[in-house]
Every structure is written in structure tokens, then in C-alpha cells.
Amino acid sequence: PYTDGFATPDGKMRLVEKAPQPIATNDDYPLLLASPSNRHWQTSQYDPRDQPAVPLCRIHPRAVRAAGLQDAQQALLVSPIGRLRVQLELDERMPPDCCEVLRGSWLAYGGGVNQLIAPLVTDMGGGAAFMDQWVRLESTT
């Protein structure tokens, strides 16, 4: 259908006309939450016996130190709408203002990263804004 090119001035495909706006930061919630898929299962489709006791949170050491916490410690990952107990795992490869909790763990087993994510719509495409949630770390005590 595009043998004669695309409906653009030069006939070339344009995926994005202008760069998206940066995600607004929040001083009270300094970490951007990433919740990618796990390579061992699709979304939440895995055996309940394989559920982690506490979801793992990969995070840069600087962010953990800033919260007064340490590697392998349990902590609370908190957003404006929820909280989730996580096991911290330091990872120098993570950006200092980002943390990662894999999606798929069940709320019934202490997981459920979606409980942290506000019901927002993306600015491009009208989908769920799963990767636009800011969070912070807190001690469990």
C-alpha cells in the first residue's frame, strides 16, 4: 500500500514529528519506576508457588544510600497512591533516579507493582502510562 511513499511532504515515513515532553519530576518521589516484563513469564501468568516472597527492586547504590538503606534490605517502595514491600538489590547499571520491579507478582502473595501506578493515559497513543510513575524508598520500621 505504500509503494508510492507516505502522505508526507517527502514521501518518507515519520514515526514521531516532535520529541515527547520530558516527564515532570517530583521532589517528594525522586525515583522513576520501571516495571518491565520478566523473561520467565508473561504478565502475571505463572505458578503461584514461584511467586517471590518479596518482589526484588533493582536500584542504583546512590539512591539506596540517599534513603538511608542498604543492599539486600527490605524496604517500602511508595507512590502517591500505594506502597509495596520490596527486597533491595544494588545495581550500578541502573540510572541513579530509577528503580526496577518486574511486573507479574500477585497482590495476594505480597506483590502487585500496579498498586503503585496511578491511572494515567499516555500523551502519545492513549495507552496506560505504566512507565511514568515516580516513587520513593522508605524504611519498613
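What the table shows:
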| quantity | calculated |
| --- | --- |
| Residue match in the stretch 33-41 (condition: over 24 Å from MET124 (Cα atoms) and within 13 Å of the chain's Cα centre (by Cα)) | yes |
| Checklist (1) farther than 16 Å from ALA34 by Cβ; (2) not in a loop (DSSP other than H, G, I, E, B) applied to ASP71, failing item | (2) |
| Out of ILE23, ILE117, sole residue that is at pLDDT below 90 and under 16 Å from the mean Cα position of the chain (by Cα) | ILE23 |
| Number of the exception - ALA63 against (1) in contact with a helix residue (DSSP H, G or I) (Cβ under 6 Å, 6 or more places away or on another chain); (2) buried (at least 20 other Cβ atoms within 10 Å of the Cβ) | (1) |
| Answer from ALA75, ALA67 - the residue that is in contact with a Ser or Thr (Cβ under 7 Å, 6 or more places away or on another chain), touching a residue at least 12 places away in the same chain (Cβ under 8 Å) and among the aliphatic types (A, V, I, L, M) | ALA75 |
| Failed criterion for THR25 (all others in (1) β-branched (Val, Ile, Thr); (2) open to solvent by 80 Å² or more (accessible area, probe 1.4 Å); (3) farther than 24 Å from MET94 by Cβ hold) | (3) |
| Of residues in the stretch 28-51 being open to solvent by 80 Å² or more (accessible area, probe 1.4 Å), out of contact with any Lys or Arg (no Cβ under 9 Å at 6 or more places or on another chain) and assigned to a loop (DSSP other than H, G, I, E, B), the one farthest from ASP132 (Cα to Cα) | HIS40 |
| Hits in the stretch 76-97 - residues which are out of contact with any Phe, Trp or Tyr (no Cβ under 8 Å at 6 or more places or on another chain) and part of a loop (DSSP other than H, G, I, E, B) | ILE81, ASP91, GLU92, ARG93, MET94, PRO95, PRO96, ASP97 |
| Members of the stretch 76-90 found to be within 21 Å of ASN38 (Cα to Cα), touching a helix residue (DSSP H, G or I) at 6+ places or on another chain (Cβ under 8 Å) and open to solvent by less than 20 Å² (accessible area, probe 1.4 Å), listed by number | LEU77, LEU84, LEU88 |
| Single match in VAL121, VAL54 (criterion: of a type in the set (A, V, I, L, M) and surrounded by 12 or more Cβ atoms within 10 Å (Cβ to Cβ)) | VAL54 |
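Per-residue answers, yes or no, for (1) part of a loop (DSSP other than H, G, I, E, B); (2) closer than 20 Å to ARG49 by Cβ; (3) of a type in the set (Ser, Thr, Tyr); (4) open to solvent by 30 Å² or more (accessible area, probe 1.4 Å):
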{"residue": "CYS99", "(1), (2), (3), (4)": "no, no, no, no"}
{"residue": "LEU102", "(1), (2), (3), (4)": "yes, yes, no, yes"}
{"residue": "ASN114", "(1), (2), (3), (4)": "no, no, no, yes"}
{"residue": "ARG136", "(1), (2), (3), (4)": "no, no, no, yes"}
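The values are calculated or read from the model by the stated rules, or taken from the named source; none is laboratory data. The model shown is predicted, which means the values in this text are computed figures rather than measured ones. For neighbour counting, all protein chains shown are included, and Cβ atoms are generated from backbone atoms with ideal geometry for every residue, glycine included. Areas reflect the complete protein model, heavy atoms only, side chains present, ligands, DNA and RNA absent. Shrake-Rupley method; radii C 1.70, N 1.55, O 1.52, S 1.80 Å.
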